[in-house]
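The numbers here are math on the coordinates, done by the rules we state, and not lab data. No experiment lies behind these values; they were computed from the predicted model shown. Cβ placement follows ideal geometry from the backbone for every residue including glycine, while neighbour counts extend to all protein chains displayed.
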Amino acid sequence: MPRSLPPLNALRAFEAAARLGSFKAAAGELGVTHGAISQHVRLLEDWLRAPLFERHNRRVVLTPAARAYLSEIGPALDRVASATTRYGHDDGAVLRVNAPATFALRWLVPRLARFQDQHPGVRVRLETSNEAVEALRDSYDIVIRGGPDAFYGYSVRPFLSEERLPVCSPALLDRLPLRTFGDLRRHTLLHTLSLPRLWDDWLAKAGAADLEPDAVLILDHFYLTLQAALDGIGVAMGPTALVSDDLAHNRLVAPFPGPFLPARSYCTYVSETKKDALAAAFRSWLEREGNMPDGKEGKPTFRRS
């Protein structure tokens, strides 16, 4: 007798949506649209002639029958994936990494070639987001976030620490010298929407809490703030780890030798269910690149006007 099997794509869509608790998250994991997930789920419901989800505005809830169905097809799909990996053609291991966009752009990506040289058979799949570690579930082998923070079911290890201090372009410094903290009154201070207190905290630590700059520019992403500093638009609060290459190549300068503002370390978070040799190798490589346990790539050099 032929097997009575529903469409595989519909099964995959249902399993992902049910496991992640979201059609949107399932669409992101499978690389399709939200509408495609909805269509596949409706197809499976028609095939089973039973509802799988209760729709409540922007969220969906599994029906009792769907929960029981998921408990059986989830492990079955895992076995299919495992068998395919074991007996299929191996195109090389894939390491799935999730990191904040600015960190990935300014620190990780410029160094990834060194990891690839050491592990030529590994394909790194890098995605960026700022979602909380627990919100990502088990979608990634390595998650990079600030910390160290404790998340149930995850091991955490710091690999790179940093501090923050003002940085600007050499051209801006030539045009408007910064010899004292008070000289910042003639400058535009660059702010990031998600880090609104950086300048206030640094100025307070520098003993210049009442300073009023010539102008303030607020940008919604930190990499835009750093780009504005590179373009000579103003002075940014630069995290030492993410501007170290720019300081070393004189694309940015640090006009003051301090004070430094403390910042959280960058850490790797690995699910206890995802630990393997490849994740361990990438973790160790990050720690070597970040020069842990000290974690600092060296204090920046300073340029006085």
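For this structure, a couple of remarks:
- Qualifying residue in the stretch 200-221 (condition: surrounded by 13 or more Cβ atoms within 10 Å (Cβ to Cβ), in contact with an Asp or Glu (Cβ under 8 Å, 6 or more places away or on another chain) and free of Cβ contacts under 8 Å to residues at least 12 places away in the same chain): no
- Subset of the stretch 9-31 (residues that are touching a strand residue (DSSP E or B) at 6+ places or on another chain (Cβ under 9 Å), more than 14 Å from residue 72 (Cα to Cα) and surrounded by 20 or more Cβ atoms within 10 Å (Cβ to Cβ)): 17, 23
- Pair list, Cβ < 6 Å and 6+ apart or interchain, from the stretch 111-128 residues that are among the hydrophobic types (A, V, I, L, M, F, W, C) to residues that are surrounded by 15 or more Cβ atoms within 10 Å (Cβ to Cβ) and not in a strand (DSSP E or B): 115/285
- Some residue of the stretch 26-36 being in contact (Cβ under 8 Å) with a residue 24 or more places away in the chain and of a type outside the set (D, E, K, R): no
- Residues in the stretch 194-226 that are assigned to a helix (DSSP H, G or I) and in contact with a helix residue (DSSP H, G or I) (Cβ under 6 Å, 6 or more places away or on another chain): 222, 223.
- Pairs, first part of a helix (DSSP H, G or I) in the stretch 41-54, second of a type in the set (Phe, Trp, Tyr), C-beta under 6 Å, six or more apart: 41/14; 44/14
- Residues being in a helix (DSSP H, G or I) and crowded, with 22+ Cβ neighbours inside 10 Å - total across the stretch 174-193: 1
- Any chance residue 231 is out of contact with any Lys or Arg (no Cβ under 8 Å at 6 or more places or on another chain), farther than 14 Å from residue 169 by Cβ and loosely packed, with under 14 Cβ neighbours inside 10 Å: no
- The condition of being over 23 Å from residue 146 (Cα atoms), β-branched (Val, Ile, Thr) and touching a residue at least 12 places away in the same chain (Cβ under 8 Å) holds for only one of 253, 270, that being 253.
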